[in-house]
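Report on the structure given below.
The values are calculated or read from the model by the stated rules, or taken from the named source; none is laboratory data. Values in this document were obtained by computation on a predicted structure and should not be read as measured data. In this analysis, Cβ positions are derived from the backbone assuming ideal geometry, glycine residues included, and neighbour counts consider all displayed protein chains. Ligands, DNA and RNA are excluded from the accessible area calculation, which covers all protein heavy atoms including side chains. Shrake-Rupley method; radii C 1.70, N 1.55, O 1.52, S 1.80 Å.
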Amino acid sequence: MTQFKLRDYQIKAVQATLSHFRTSLTPAAIVLPTGAGKSLVIAELSRLAKGRVLCLAHVKELVEQNHSKFEMTGRKAGIFSAGLGEKCSSAQVTFASVQSLAPNLDKFSEKVSLLIIDECHRISDNTDTQYQQVIQHLQTMNPSIKILGLTATPFRLGSGWIYEQHYYGFVRSAETKFFKKCIYELPLRQMIKEGYLTKPILFDAAIAHYDFSKLEANSIANEETTNQEKSLNTLIGKYPRVTQAIVEQIIALSQDRQGIMIFASTVQHAQEITQYIENQDPDNEVKLVHGGTPLSQRDDIIQQFKAKSIKYLVNVSVLTTGFDAPHVDVIAILRPTQSISLFQQIVGRGLRLSDNKQDCLILDYANNGYDLFMPEIGEKKPTSDSIPVQVECPICEFANVFWGKVDNDGDIIEHFGRRCHGLVPNTLSRSTHLRQSFETGEVQCDYRFRFKVCPLCNEENDIAARHCQACEGRLIDPDDLLKKALNLKDSKVIRCAGMESSIKQSILSVRYFDEDGNDLKEHFDFSKKAALVRFNEYFARRLAQGTRPISFNHIDEVKPFLVFLPHPDFVIARKKGQFWKVTERLFDYEGPYRKANQLN
């Protein structure tokens, strides 16, 4: 008899799991926001399972939490975790830490029917990791084992989405992933709207912020490198008064608050913050935890914080997961991140319900610029003013969400999407080489908003592709083209800032120009089919960034669109007699060479 009652969305998550594994053995993922009660979903699934169940987590706190929730069902379970002082491997349901289990796989020689992995975004594609070692061992014992992952952050910088397809009918990753499908997802907005989480208050702190935009994007993405910490310390060191002012404001805004969590950028930064708080609010306790804090000391600090003996808890990258202190009602973010999911997970530390808690104050001093309810885009934010925009595919009509820019009226100026994420029946795909869905027979829509064309078979490929996906021919590298052209005396390269077009009878003339007024010209004779085909390929296909592709049949049809024709990023020409002949037009360029009107 269960001693807890599942919420409606938890029931749906359980039902989605049962439905999936009745017809499929492919690993599946469930996405639930922080505070949604993953432990109860795990407990119910473990209770319903007929065979042996193993639940993995990466920290002892999650192992203990999941175990205690399961025992609320009235049944007993084993724990296999050195950190908790138990190593039981004989129970029908076992909760284990992956660090303790991986070196002791010989103790799990019996067949496991269900493997549940909490915080499953931590699974790497690297076959040498502890997670993969455990999975491979269990699959050897039972090739029909069912594997379910749960996470609040299904996207990782550097490796992308952790699953391939979403049950709503779209593609997350065209690459092979361990988890094949997300079978259930609950939006954070719905949790808050229905009263399952505390209302967040995003406070616009009208004081100076850190300018992390000067950091290399890759430095921010690489969360734990020494170089990143040095870069952050150097940058933060330029803003000593900013840090002091921020701490003063945090203290002022937190006078009537219960628990304040502060997320710092580096250990040095956290020590500075802690010192300021000690000096400016001596009546309240402040403690710091980071990766180097001894585990026993960290546990003691966390317990004191949960008991409200400590008001301020400063941390560096250690309390974003597996931490539950419901009384937290202020989250101060003084670190940069390029992941919307990580931002939401940090904020989620303060959204759990608690007595005498009306809301949670969110203070973002790093100018991360995320709306709390933003969807994860799955790409790095390309510019500081980029926001999620909805772009409909002109072929399958799927509503994609890409990074993009909008004007004051909210109209899309540009977007950075490459390929449609929609799933379509295989019969609707224009290509025959695409990888078919493992269950439904559907394929990812092959419409591309940005592309480069294979010179051998005319297939459209991703702008970063090196080989054609259709004929496997080698695609020309735009950087190689530019480098070669710049080194040839009879070549001319225009860093295209814009273009002008005019029509005279059946001839359409195009003038490309750069920032200094240098130009190149070419002409398209619409009375010739080859010229018409080339013009449609270069320009008509890319109208409105590929969202409104048109195929022109007559020059008169082009006139209304002249001002909307997209211009290339670079134009290359070769000397032919006394004139220059355009040989290459490079659209959607991404590489080391500076584009027009772009700062170095």
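Comparison of Ile147, Ile183 shows that the only residue that is among the β-branched types (Val, Ile, Thr), closer than 20 Å to Ile30 by Cβ and in contact with a Pro (Cβ under 9 Å, 6 or more places away or on another chain) is Ile147. Anything in segment 90-100 that is in contact with a strand residue (DSSP E or B) (Cβ under 6 Å, 6 or more places away or on another chain) and either free of Cβ contacts under 8 Å to residues at least 12 places away in the same chain or under 16 Å from Ser46 (Cβ atoms) (or both)? List them, or say none. Hits for segment 90-100 are Ala91, Val93, Thr94, Phe95, Ala96. When we screen Arg352, Arg335 for residues that are in a loop (DSSP other than H, G, I, E, B), of a type in the set (D, E, K, R) and surrounded by 22 or more Cβ atoms within 10 Å (Cβ to Cβ), the only hit is Arg335.
Counting the residues of segment 482-496 that are surrounded by fewer than 18 Cβ atoms within 10 Å (Cβ to Cβ) and either hydrophobic (A, V, I, L, M, F, W, C) or within 30 Å of Pro560 (Cβ to Cβ) (or both) gives 2.
Is it fair to say Arg511 is open to solvent by less than 80 Å² (accessible area, probe 1.4 Å), more than 27 Å from Pro394 (Cβ to Cβ) and not β-branched (Val, Ile, Thr)?
Working: open to solvent by less than 80 Å² (accessible area, probe 1.4 Å): yes; more than 27 Å from Pro394 (Cβ to Cβ): yes; not β-branched (Val, Ile, Thr): yes.
Against the criterion (open to solvent by less than 80 Å² (accessible area, probe 1.4 Å), more than 27 Å from Pro394 (Cβ to Cβ) and not β-branched (Val, Ile, Thr)), Arg511 qualifies.
Listed by position, the helices (runs of 4 or more DSSP H) contained in segment 1-90 that have at least 2 residues being under 29 Å from Gln190 (Cα atoms), among the aromatic types (Phe, Trp, Tyr) and open to solvent by 10 Å² or more (accessible area, probe 1.4 Å) form an empty set. Restricting attention to segment 404-423, the residues that are touching an Asp or Glu at 6+ places or on another chain (Cβ under 8 Å), open to solvent by 10 Å² or more (accessible area, probe 1.4 Å) and either part of a strand (DSSP E or B) or more than 23 Å from Ser159 (Cα to Cα) (or both) add up to 4. The set of residues in segment 170-189 being β-branched (Val, Ile, Thr), more than 16 Å from Lys146 (Cα to Cα) and crowded, with 18+ Cβ neighbours inside 10 Å consists of Val171 alone.
Could you list all residues from segment 132-151 that are under 26 Å from Arg47 (Cβ atoms) and open to solvent by 20 Å² or more (accessible area, probe 1.4 Å)?
Initial filter on segment 132-151 (under 26 Å from Arg47 (Cβ atoms)): 134-135, 137-139, 141-151.
Passing the criteria: His137, Gln139, Met141, Pro143, Ser144, Lys146.
Among the criteria (1) within 30 Å of Ser254 (Cβ to Cβ); (2) at pLDDT 85 or above; (3) in a loop (DSSP other than H, G, I, E, B); (4) not aliphatic (A, V, I, L, M), the one Cys360 does not fulfil is (3). Listed here are the strands (runs of 3 or more DSSP E) enclosed by segment 244-325 that have at least 2 residues being modelled with pLDDT under 95, and there are none. When Leu363 is tested against (1) open to solvent by 20 Å² or more (accessible area, probe 1.4 Å); (2) in contact (Cβ under 8 Å) with a residue 24 or more places away in the chain, only condition (1) is not met. Within segment 383-403, the only residue that satisfies the criterion of being assigned to a loop (DSSP other than H, G, I, E, B) and within 13 Å of Arg418 (Cα to Cα) is Cys393.
Just give me the residues in segment 117-131 being touching a residue at least 40 places away in the same chain (Cβ under 8 Å) and either open to solvent by less than 40 Å² (accessible area, probe 1.4 Å) or not in a loop (DSSP other than H, G, I, E, B) (or both), in sequence order. Scanning segment 117-131 gives Ile117, Asp118, Glu119, Cys120, His121, Arg122, Ile123, Tyr131.
What number of residues within segment 556-579 are touching a strand residue (DSSP E or B) at 6+ places or on another chain (Cβ under 7 Å), under 16 Å from Ser506 (Cα atoms) and open to solvent by 70 Å² or more (accessible area, probe 1.4 Å)?
Initially, segment 556-579 is screened for residues touching a strand residue (DSSP E or B) at 6+ places or on another chain (Cβ under 7 Å), giving 558-559, 562, 565, 567-574.
In the following step, the residues that additionally are under 16 Å from Ser506 (Cα atoms) were identified as 558-559, 562.
Filter once more, keeping what is open to solvent by 70 Å² or more (accessible area, probe 1.4 Å): 559.
So the count comes out to 1.
Remark: pairs (first residue in segment 258-270, more than 15 Å from Asp324 (Cα to Cα); second residue open to solvent by 10 Å² or more (accessible area, probe 1.4 Å) and in a helix (DSSP H, G or I); Cβ separation under 6 Å; 6+ apart in sequence or on different chains) = Thr266/Glu229; Thr266/Asn233; Gln268/Asn233.
The set of residues in segment 264-319 that are of a type in the set (D, E, K, R), under 20 Å from Val347 (Cβ atoms) and either open to solvent by less than 30 Å² (accessible area, probe 1.4 Å) or touching a strand residue (DSSP E or B) at 6+ places or on another chain (Cβ under 7 Å) (or both) contains only Lys311. Consider Arg541 carefully, then state whether it is within 26 Å of Pro382 (Cβ to Cβ), in a helix (DSSP H, G or I) and of a type in the set (D, E, K, R). Yes.
Residue-by-condition table, conditions (1) surrounded by 12 or more Cβ atoms within 10 Å (Cβ to Cβ); (2) touching a Ser or Thr at 6+ places or on another chain (Cβ under 6 Å); (3) in a loop (DSSP other than H, G, I, E, B); (4) not aliphatic (A, V, I, L, M):
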residue: Arg534; (1), (2), (3), (4): yes, no, no, yes
residue: Asp588; (1), (2), (3), (4): yes, no, yes, yes
residue: Pro592; (1), (2), (3), (4): no, no, yes, yes
residue: Gln598; (1), (2), (3), (4): no, no, yes, yes
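Number of residues in segment 172-219 that are part of a strand (DSSP E or B), under 19 Å from the mean Cα position of the chain (by Cα) and either modelled with pLDDT under 90 or charged (D, E, K, R) (or both): the value is 3.
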